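See structure below.
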Amino acid sequence: MIVTKETLIELFLRGIETVSPENLIRENLRIFGPFVKVVRFRFRGGVHVLGSGKAAFRMAAETERTLRDRILGGVVLGPKGEETPVSKRIKFLTGTHPLPSQENLRATEEVLNYLASLSREDRFIFLLSGGTSALLEKPIPPLTLEELAVTTDLLLKSGMPIEELNVVRKHLSLVKGGRLSQITEAKGYVLVLSDVVGDDLSSIGSGPFYPDPSTYTDAYTLLREYGLWDRVPANVRGVIEAGMEGQIPETLKEMPRRIRHIIIGNNRRFLLSVRDSARRMGLRVRIITDTLRGEAREVAKVLHAMARHVAFRREPFSPPILLLFGGETTVSVKGEGIGGRNQELALAFLLEMEGDAKILLLSAGTDGIDGSTDAAGAVVGNEDLKHMDRKEMRKYLRRNDSYNFHRRYGTLLITGPTGTNVADVVLLYVEGRRWDF
């Protein structure tokens, strides 16, 4: 079989379909006689449906198609720009992402009021996906939304991994770090579409219902470590200092037995799907890891070194072979360009490439959005080198301007928002023979 960039794109899209909100909800939620069945749990009667995140609207729409009149009501918050479902049972609200706005605050208040209105006899399903950290927000007074937005922007540009970034956000918010568990007595099932490496439930969406092991002291330490303590607004420092002194209650530390978390989709599920699709095509394929981390341009060097080793040393795998990676890299933004971590990884990988072996790489976000661009990522290969100048490539990389680089040379991967999010993936194909230009 001749493997091309289009082959990798087709495999990527097949993986997206497997972790679509509709498929995942259908697999894990159903009516079973007089019962509502949530994965391995079941109960009689109706249920309230709430949720937030990039995939929340599609998860909720499929939940309503599945449970129909068993739904007693609900409120679901999703990103602005997504198609809003029409429903007689669930109220759909929108907010901004990746930075929160007044619209987010108003929507969050409705979610909080609905949760608080439930009694201990009630049951709810909360549909949780990536993007919740920005969409569901209520800052701790006297912190303002504008100050929170400035802080979030600084955190996103610092190169701080998402787990550490969420430690800070959880300690500036009244809805993160398990605090939603404290405002309702109802029994709940949190269905999670994980966008976090390792599926840490305290990090996914900043863990609105899940215990948080971190402290205000941890948040302070991280801001110091990344050189942000003196750059964040004074009220941010004030809230964290008050928390360290015990003047503001800590985040939730113990899981209430009445609330269950169930991961219904994650990065590994995506990789397994791509592996199976590749095998059906007749390709040899291996999953290497679903915990890929690090600075995007440094990870690119490691991936290229691995590809070269496979191509010419034929170990630990003999080519041709497709290697699969999942996880989430970071970018320390120093330039004024436009891009995302997947586009930067692909550009840095291309800069390392030679023309003596056929190697193809696809790096993309499963949500179809890389950074603040309209691209999911990029797809590059040896054939691209004949059009490019390395000096120019380094210039784009220094400016963190990977989007404009890939747009200029036609190597962008644009899918549009996918409606799902299970972190990032890299498909690396190594053929191991000389490339004939």
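Odds and ends about this structure:
- Considering the range 247-301, the residues that are under 30 Å from Leu118 (Cβ atoms) and among the acidic types (Asp, Glu) include one that is surrounded by the fewest Cβ atoms within 10 Å (Cβ to Cβ), namely Glu254.
- Filtered residue count, the range 351-373, keeping only those that are among the hydrophobic types (A, V, I, L, M, F, W, C), out of contact with any strand residue (DSSP E or B) (no Cβ under 7 Å at 6 or more places or on another chain) and surrounded by 20 or more Cβ atoms within 10 Å (Cβ to Cβ): 1
- Test for Arg224: is it free of Cβ contacts under 8 Å to residues at least 12 places away in the same chain, in a helix (DSSP H, G or I), farther than 29 Å from Ile25 by Cα and of a type outside the set (Val, Ile, Thr): yes
- Sole residue being under 22 Å from Gly335 (Cβ atoms) and either touching a helix residue (DSSP H, G or I) at 6+ places or on another chain (Cβ under 9 Å) or not hydrophobic (A, V, I, L, M, F, W, C) (or both), chosen from Asp356, Asp367, Asp424: Asp424
- Test: Arg224 is surrounded by fewer than 24 Cβ atoms within 10 Å (Cβ to Cβ), in contact with a helix residue (DSSP H, G or I) (Cβ under 8 Å, 6 or more places away or on another chain), at pLDDT 95 or above and over 30 Å from Asn23 (Cβ atoms): no
- Scanning the range 107-120 for residues that are touching a residue at least 12 places away in the same chain (Cβ under 8 Å) and either over 18 Å from Glu83 (Cα atoms) or not assigned by TED's automatic domain parsing to the domain that holds Leu24 (or both) returns Thr108, Glu109, Glu110, Val111, Leu112, Tyr114, Leu115, Ala116, Leu118, Ser119, Arg120.
- Among the residues making up the range 152-196, those that are part of a loop (DSSP other than H, G, I, E, B) and either of a type in the set (Asp, Glu) or modelled with pLDDT under 90 (or both) are Ser158, Gly159, Met160, Pro161, Glu185, Asp195.
- Filtered residue count, the range 1-44, keeping only those that are assigned to a loop (DSSP other than H, G, I, E, B) and either free of Cβ contacts under 8 Å to residues at least 24 places away in the same chain or of a type in the set (Phe, Trp, Tyr) (or both): 4
The values are calculated or read from the model by the stated rules, or taken from the named source; none is laboratory data. As the structure is a prediction and not an experimental result, all values here were calculated from the model. We place every Cβ from the backbone using ideal geometry, glycine too, and count neighbours over all the protein chains shown.
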